[in-house]
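Student: I'd like to ask you about the structure that follows.
The values are calculated or read from the model by the stated rules, or taken from the named source; none is laboratory data. As the structure is a computational prediction, the values presented were derived from the model and not from experiment. Counting neighbours? That spans all protein chains shown, and the Cβs are built from the backbone with ideal geometry, glycine included.
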Amino acid sequence: MSDSTAIAHGAAEAHHEHPPYQRHHFETYAQQNDATNFAMWLFLLTEIMFFGGLFTAYLIFRNWYYPAFVAASHQLDIFWGSLNTLLLITSSFTMAMGVWCAELRKKSGLVLCLILTFILGLGFLGVKTIEYREKWEKHHIPGLHYSVQSFVNPASDPEVHDKYPKDQPLAMDMARHTELYFFLYFAMTGMHALHMIIGIAILAFMIARAQAGAYTTGHVTFVENFGLYWHFVDIVWIFLFPLLYLISRH
Amino acid sequence: MSDEVTLVKLPDQSTAKLPKVSYLNKENGLLSWLLTGDHKRIAMLYLISISFFFFVGGSLAGLIRLELLTPQSDLMATDTYNKVFSMHGIIMVFFFLVPSVPATIGNFFIPMMIGAKDLALPKINLLSWYLYMAAGILALYTMASGGVDTGWTFTTPLSTHYVNTHVLTTGMAVFIAGFSSIFTGLNFIVTIHKMRAPGMTWFRLPLFVWAHYAASILMVLGTPVLAIAIVLVALERTVGIGVFDPTKGGDPLLFQHLFWFYSHPAVYIMILPGMGVISEVISTFSRKRVFGYTAVAFSSVAIAVFGFFVWAHHMFIMGISNYAVLIFSLLTMLVAVPSAIKIFNWTFTLYKGSITFETPMLYAFGFMGLFTIGGLTGVFLGTAGTDIHLTETYFIVAHFHFVMVGGMLMAFLSGLHFWWPKMTGRMYPEKISQLAAVVTFIGFNFTFFPQFILGTLGMPRRYASYPPEFQILNVFSTAGASILGVGYLLPVLYLTWSLKYGEIAGNNPWQATGLEWQVQSPPLTENFPETPIMDHEAYDYEWLERQQEKEVASVG
């Protein structure tokens, strides 16, 4: 049959001068890079929709229980929040530099940038742990021995009361809704932290591979796409910070 | 259905042979299947798995109909009945209907239709099958260990506060299955954007591809919202976080908003790929370009867009505001328009076409009739006034079974028969499969038409017992279900038979125009011996004739 000759012909043609990292079903490396990048953007779109459900819940309950949300947000320390914002933005910068180094095939620069990103990411999680621990100590974990003491009687919580002396005690039925705030706080920052942990794990893998010279041969798709992911996680935090920490500041 | 009128052109059976090398025999052994990146093999894996789940879900449906044969709850206890219909819904929706056409026929043919060697992300494609299997096994495990009785909708506060069945594991299964569906959709979008052959412009794509593109948008944007809704249900159940709990200030309706934000578009995820199949089949068996190609292409996208803005019509009686009811009712009417555009355009395609009645076409006719009834009764339900009377009755059960079973399942079977020769290289036996198509149609109407009447008489859904005056119609429905069961068993038998004994199909038994029909059946692993160049419009039957003349000339 004519098919068999065509196969032989096609096979011969298909394997001329491909870079080793080009998958066989792509015509050109540019097509492969394009397709993978596009897929990453689509994946980030699904992530937006995923977080979108939580943001919707947040907006509804914040509208309904505004006083409770304000009072509960005063329990968060703006210092830690700002520090974390700074850490993340810096890590986005080092990540972007990493992609740049990979494109220019600077191996040591890439490894350095990835390590810095890794450390900054861990720093973020460290700060988050300090914050979570404080909530635990004050019985602000929803569902587990939750206490509204700080909200029905602000004076019982001198640390926060000194910072926000104008906060009035909340009536019991409003104070109970602070639990919703803390649930959303933990769900949103927890989901964000989970993305950070996944990102840091991938970073560790990438550091090892980068030292072996994997991303500095012209095939930067993986670094590039991971960069997109990292920036996305960063941007989620940029939304979370004002929504959770800065409710009463406008 | 006379013997003479057929367009089937098979090679001379005394000399014809299957191609020596194809995707089926390029590599051998179980591992070569389980670790494959080939979209065609993954499609076959999916085909086997979804058929399995279809028969699990179908057996549960059989149990439901048997229970409803008599007014009392006698075959099973009422709470067992609740579990049976819940698992029927969950398995049919998440493990059959959502992946049915896209993961099998779509997976197999989208790359071939656009002239590509594979989907853009073969490993993600394989991952999606493994996720599907993991989810499926988890769902079966749940079923074996006691099941869930919330209905497939997991409605709060029932699912979070009142039932003590396996909500968490079932929810997890649906969550994982959702990611399998996201990856399929994502892969299709990237492939359709980035992998088209030279000359394959957007408006030369077969309408099958357009329909899948629209369905993929829904998968990618809708499914993550279902995922977060399920996570919240799980947290509400385990930790008691309060988002869906009114005693803590939460709102159970929020769950329904999130759930239906996915699950309404999900019905379009289920039906759009089926509509894609019908476009191909109607065109091929009436030898005409699909009438109003552009309108049909855009109507798919319009369904995807409108589909996102009608979810609250599932909640008309749930206490949403009257203004919301008004607006969502209006938007629901709007989404009927693009579906009607498709039906009309297919009808115009038939007009003055050279129609033949092979099995895929019979199923396609079944689809057009049943989907139209299903769609129009949907307009009854979208009208707020009638919805208050009809919702939560058998009318709604009949409505969505007309769309899902009468529509989607007919389309799936139509597509399966249509592309079977390409997938396996062999023809299915025509006569018995025509019989199966007719039996399915008759059985279907017997099963579900009485349920419209039951619904208008006021029989509520989801109860194991009912007043005795409804029995006659229920007996009709159960009798119909047994006919329907035969209609579904037949294809399994003769399609399996045809794998070994079917006639050799040759490249293009239907004289169809798609790129997938211009190569050998079953295809090579890399689909095309060399990258095809698309130099004609879709459904150009004159181009096909010229091609065949050229071939005859060169052989002569």
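Student: Can you find a residue that is more than 8 Å from every other protein chain (Cβ to nearest Cβ), surrounded by 17 or more Cβ atoms within 10 Å (Cβ to Cβ), closer than 21 Å to B:Phe179 by Cβ and at pLDDT 85 or above anywhere in the range A:28-41? Before you say what the answer is, go through the steps one by one.
Tutor: First, pick out the residues of the range A:28-41 that are more than 8 Å from every other protein chain (Cβ to nearest Cβ): A:28-30, A:32-33, A:37, A:40-41.
Narrowing the set further to residues that are surrounded by 17 or more Cβ atoms within 10 Å (Cβ to Cβ) leaves A:32-33, A:40.
Next cut, closer than 21 Å to B:Phe179 by Cβ only: A:40.
Subset that is at pLDDT 85 or above: A:40.
Looking for residues that are more than 8 Å from every other protein chain (Cβ to nearest Cβ), surrounded by 17 or more Cβ atoms within 10 Å (Cβ to Cβ), closer than 21 Å to B:Phe179 by Cβ and at pLDDT 85 or above, one finds at least one in the range A:28-41, hence yes.
Student: I've got another one for you. Do the conditions hold for B:Leu484, that is, is it within 23 Å of B:Phe367 (Cα to Cα) and without any contact (Cβ under 8 Å) to a residue 12 or more places away in the chain? Lay out the reasoning, then the answer.
Tutor: Details: within 23 Å of B:Phe367 (Cα to Cα): yes; without any contact (Cβ under 8 Å) to a residue 12 or more places away in the chain: no.
When the stated conditions are applied, B:Leu484 does not pass them.
Student: Only one of these conditions is not met by B:Leu119: (1) modelled with pLDDT under 95; (2) hydrophobic (A, V, I, L, M, F, W, C); (3) touching a His at 6+ places or on another chain (Cβ under 6 Å). Which number is it?
Tutor: Exception for B:Leu119: condition (1).
Matching residues to (1) more than 24 Å from A:Phe79 (Cβ to Cβ); (2) surrounded by 17 or more Cβ atoms within 10 Å (Cβ to Cβ):
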position	(1), (2)
A:Ile202	yes, no
A:Thr216	yes, yes
A:Val223	yes, yes
A:Phe232	yes, yes
A:Tyr245	no, yes
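Student: Tell me the residue from A:His161, A:His145, A:His139 that is at positive phi and out of contact with any Phe, Trp or Tyr (no Cβ under 7 Å at 6 or more places or on another chain), please.
Tutor: Matching residue, one of A:His161, A:His145, A:His139: A:His145.
Student: Taking the range B:536-554 on its own, how many of its residues are more than 10 Å from chain A (Cβ to nearest Cβ) and not in a loop (DSSP other than H, G, I, E, B)? Before you say what the answer is, go through the steps one by one.
Tutor: First, the residues of the range B:536-554 that are more than 10 Å from chain A (Cβ to nearest Cβ): B:536-550, B:552-553.
When the remaining residues are screened for being not in a loop (DSSP other than H, G, I, E, B), the result is B:541-550, B:552-553.
Final tally of qualifying residues: 12.
Student: Same structure, new question: Hey, among B:Gly407, B:Gly374, B:Gly415, which residue is within 20 Å of B:Gly276 (Cβ to Cβ), without any contact (Cβ under 8 Å) to a residue 60 or more places away in the chain and surrounded by 21 or more Cβ atoms within 10 Å (Cβ to Cβ)? Break it down stepwise before answering.
Tutor: Details: B:Gly407 fails: without any contact (Cβ under 8 Å) to a residue 60 or more places away in the chain; B:Gly415 fails: without any contact (Cβ under 8 Å) to a residue 60 or more places away in the chain.
The match here is B:Gly374.
Student: Out of all the residues in the range A:116-175, which are within 14 Å of chain B (Cβ to nearest Cβ), buried (at least 16 other Cβ atoms within 10 Å of the Cβ), free of Cβ contacts under 8 Å to residues at least 60 places away in the same chain and closer than 30 Å to A:Leu88 by Cβ?
Tutor: Scanning the range A:116-175 gives A:Ile141, A:Pro142, A:Gly143, A:Tyr146.
Student: Could I ask something else about it? Filter the range B:257-275 for residues that are in contact with a His (Cβ under 9 Å, 6 or more places away or on another chain) and not aromatic (Phe, Trp, Tyr) and give the result. Outline the logic, then answer.
Tutor: So in the range B:257-275, the residues in contact with a His (Cβ under 9 Å, 6 or more places away or on another chain) come out as B:259-260, B:263-264, B:272-273.
Hits for the range B:257-275 are B:Ser263, B:His264, B:Leu272, B:Pro273.
Student: Further question on the same structure: Quick one: which of B:Thr184, B:Thr156 is part of a helix (DSSP H, G or I) and either surrounded by 22 or more Cβ atoms within 10 Å (Cβ to Cβ) or touching a Cys at 6+ places or on another chain (Cβ under 7 Å) (or both)?
Tutor: Values: B:Thr156 fails: part of a helix (DSSP H, G or I).
Unique residue meeting the criteria: B:Thr184.
Student: With the condition kept exactly as written, say whether any residue in the range A:58-69 is more than 19 Å from A:Ile235 (Cα to Cα), in a helix (DSSP H, G or I), of a type in the set (Val, Ile, Thr) and within 14 Å of chain B (Cβ to nearest Cβ). Working first, answer last.
Tutor: Within the range A:58-69, the subset more than 19 Å from A:Ile235 (Cα to Cα) is A:60-69.
From what's left, in a helix (DSSP H, G or I): A:60-64, A:66-69.
Keeping just the survivors that are of a type in the set (Val, Ile, Thr) gives A:60.
In the following step, the residues that additionally are within 14 Å of chain B (Cβ to nearest Cβ) were identified as A:60.
Yes, there is a match, as at least one residue in the range A:58-69 is more than 19 Å from A:Ile235 (Cα to Cα), in a helix (DSSP H, G or I), of a type in the set (Val, Ile, Thr) and within 14 Å of chain B (Cβ to nearest Cβ).
Student: When the range A:86-115 is examined, which residues are found to be more than 15 Å from A:Glu224 (Cβ to Cβ), out of contact with any Gly (no Cβ under 9 Å at 6 or more places or on another chain) and without any contact (Cβ under 8 Å) to a residue 24 or more places away in the chain?
Tutor: Across the range A:86-115, the qualifying residues are A:Leu86, A:Phe93, A:Ser108.
Student: With the range B:1-107 as the region, which helices (runs of 4 or more DSSP H) entirely inside it contain at least 1 residues that are surrounded by fewer than 22 Cβ atoms within 10 Å (Cβ to Cβ) and more than 28 Å from the chain's Cα centre (by Cα)?
Tutor: Details: elements: B:30-34, B:39-67, B:78-90.
In the range B:1-107, B:30-34, B:78-90 are the helices (runs of 4 or more DSSP H) which contain 1 or more residues that are surrounded by fewer than 22 Cβ atoms within 10 Å (Cβ to Cβ) and more than 28 Å from the chain's Cα centre (by Cα).
Student: Same structure, new question: Which members of the range B:237-261 meet the condition of being surrounded by 21 or more Cβ atoms within 10 Å (Cβ to Cβ) and at the interface with chain A (Cβ under 9 Å from one of its Cβ atoms)? So that I can check it myself, show each step before the final result.
Tutor: Step one: of the range B:237-261, the residues surrounded by 21 or more Cβ atoms within 10 Å (Cβ to Cβ) are B:241-244, B:250, B:255-261.
The answer is B:Ile241, B:Gly242, B:Val243, B:Gly250, B:His257, B:Leu258, B:Phe261.
Student: May I pose another question? Could you list, in sequence order, the residues of the range A:96-111 that are hydrophobic (A, V, I, L, M, F, W, C), surrounded by fewer than 17 Cβ atoms within 10 Å (Cβ to Cβ) and part of a helix (DSSP H, G or I)?
Tutor: Just the residues of the range A:96-111 that are hydrophobic (A, V, I, L, M, F, W, C), to begin with: A:96-97, A:99-102, A:104, A:110-111.
After this cut, where a residue has to be surrounded by fewer than 17 Cβ atoms within 10 Å (Cβ to Cβ) as well, the list is A:96, A:100, A:104.
Matches in the range A:96-111: A:Ala96, A:Trp100.
Student: Quick check, is B:Tyr466 in contact with a Phe, Trp or Tyr (Cβ under 8 Å, 6 or more places away or on another chain) and either assigned to a loop (DSSP other than H, G, I, E, B) or crowded, with 16+ Cβ neighbours inside 10 Å (or both)?
Tutor: On the way: in contact with a Phe, Trp or Tyr (Cβ under 8 Å, 6 or more places away or on another chain): no; either assigned to a loop (DSSP other than H, G, I, E, B) or crowded, with 16+ Cβ neighbours inside 10 Å (or both): yes.
The answer is no for B:Tyr466.
Student: Looking at the range B:116-135, I want the residues that are acidic (Asp, Glu) and have a partner that is assigned to a helix (DSSP H, G or I) with Cβ atoms under 6 Å, at least 6 apart or on another chain. Which pairs are those?
Tutor: B:Asp118/B:His39; B:Asp118/B:Pro111
Student: Report the residue count in the range B:153-187 for those that are within 19 Å of B:Thr247 (Cβ to Cβ) and touching an Asp or Glu at 6+ places or on another chain (Cβ under 8 Å).
Tutor: Of the residues in that region, 5 qualify.
Student: B:Leu69: among the aliphatic types (A, V, I, L, M) and either more than 27 Å from B:Phe412 (Cβ to Cβ) or at pLDDT below 90 (or both), yes or no? Before the answer, list the steps.
Tutor: Details: among the aliphatic types (A, V, I, L, M): yes; either more than 27 Å from B:Phe412 (Cβ to Cβ) or at pLDDT below 90 (or both): yes.
So B:Leu69 fits the description; yes.
Student: Considering only residues that are in a loop (DSSP other than H, G, I, E, B) and either out of contact with any helix residue (DSSP H, G or I) (no Cβ under 9 Å at 6 or more places or on another chain) or more than 8 Å from chain A (Cβ to nearest Cβ) (or both), look in the range B:191-217 and name the one that is surrounded by the most Cβ atoms within 10 Å (Cβ to Cβ). Let's see the steps before the verdict.
Tutor: Taking the range B:191-217 first, the residues in a loop (DSSP other than H, G, I, E, B) are B:195-201, B:205-206.
Subset that is either out of contact with any helix residue (DSSP H, G or I) (no Cβ under 9 Å at 6 or more places or on another chain) or more than 8 Å from chain A (Cβ to nearest Cβ) (or both): B:196-201, B:205-206.
Details: B:Arg196: 20, B:Ala197: 19, B:Pro198: 12, B:Gly199: 12, B:Met200: 23, B:Thr201: 11, B:Leu205: 21, B:Pro206: 27.
My answer is B:Pro206.
Student: Identify all residues within the range B:515-535 that are outside any loop (DSSP other than H, G, I, E, B) and either without any contact (Cβ under 8 Å) to a residue 60 or more places away in the chain or surrounded by fewer than 20 Cβ atoms within 10 Å (Cβ to Cβ) (or both); write none if there are none.
Tutor: We begin by selecting, within the range B:515-535, every residue outside any loop (DSSP other than H, G, I, E, B); these are B:515-518, B:524, B:527.
Once the filter is applied, which keeps residues that are outside any loop (DSSP other than H, G, I, E, B) and either without any contact (Cβ under 8 Å) to a residue 60 or more places away in the chain or surrounded by fewer than 20 Cβ atoms within 10 Å (Cβ to Cβ) (or both), the range B:515-535 yields only B:Gln518.
Student: Checking the conditions here, which among B:Val220, B:Val225 is within 14 Å of chain A (Cβ to nearest Cβ), at pLDDT 95 or above and under 30 Å from A:Ile141 (Cα atoms)? Don't jump to the end; show me each part of the working.
Tutor: Numbers: B:Val220 fails: under 30 Å from A:Ile141 (Cα atoms).
The unique qualifying residue is B:Val225.
Student: Check B:Leu119, B:Leu140 and return the single one that is farther than 23 Å from B:Ser59 by Cβ, out of contact with any strand residue (DSSP E or B) (no Cβ under 8 Å at 6 or more places or on another chain) and hydrophobic (A, V, I, L, M, F, W, C). It would help to see each step written out before you state the result.
Tutor: Working: B:Leu140 fails: farther than 23 Å from B:Ser59 by Cβ.
Residue meeting the stated conditions: B:Leu119.
Student: If you check A:Gly126, A:Gly98, A:Gly121, which single one turns out to be among the small types (Gly, Ala, Ser) and either over 15 Å from A:Leu203 (Cβ atoms) or out of contact with any helix residue (DSSP H, G or I) (no Cβ under 7 Å at 6 or more places or on another chain) (or both)?
Tutor: Result: A:Gly126 is the single residue among A:Gly126, A:Gly98, A:Gly121 that is among the small types (Gly, Ala, Ser) and either over 15 Å from A:Leu203 (Cβ atoms) or out of contact with any helix residue (DSSP H, G or I) (no Cβ under 7 Å at 6 or more places or on another chain) (or both).
Student: Among the numbered criteria (1) under 23 Å from the mean Cα position of the chain (by Cα); (2) more than 14 Å from chain B (Cβ to nearest Cβ); (3) at pLDDT below 95, which single criterion is violated by A:Cys113?
Tutor: Failing condition for A:Cys113: (3).
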